[in-house]
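Here the structure comes first, spelled out in structure tokens, and everything after it is commentary.
Read the figures in this text as sums done on the coordinates, not as results from a lab. Being a predicted model, the structure only gives us computed values, none of them experimental. Cβ placement follows ideal geometry from the backbone for every residue including glycine, while neighbour counts extend to all protein chains displayed.
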């Protein structure tokens with residue numbers, strides 16, 4: 001990002017797997033670039049990073065559609081109430097994917113059974 005000096009950057013879940021110290025370093029770098037006039041689209045599921053940067057606009061997408069736009073107050077509302085308020089206040093259903101068991105898990109279970117049964 002620093003080498004290319006883009007006017008705008010997309011940071012998709014840049015905080016994924018970071019501890020608080022690393023997140024602070026990332027937030028500091030974002031703020032320094034903002035001061036130079038650079039823009040960012042930051043995607044995250046956690047309020048902590050948003051609270052560390054100079055957030056100017058919030059957009060919430062559900063099922064591929066923009067359903068809420070506003071300022072930092074939306075992040076706080078999601079952090080305290082979750083996404084349920086979107087359904088309650090706006091009448092928008094949030095489709096949840098059911099997790100599926102991977103074939104690796106099935107193979108491990110079958111292997112354990114075979115070992116237990118002496119096969």
What length, rounded to one decimal in nm, is gained on full extension from residue 41 through to residue 96, with 0.36 nm per residue of separation minus their alpha-carbon distance?
-> 17.4 nm
Considering only the stretch 8-116, percent of DSSP beta bridges that pair antiparallel, nearest 5 = 50 percent
What is the distance, in nm, between label points placed 7 Å from the Cα along the Cα-to-Cβ direction at residue 67 and at residue 31?
-> 3.2 nm
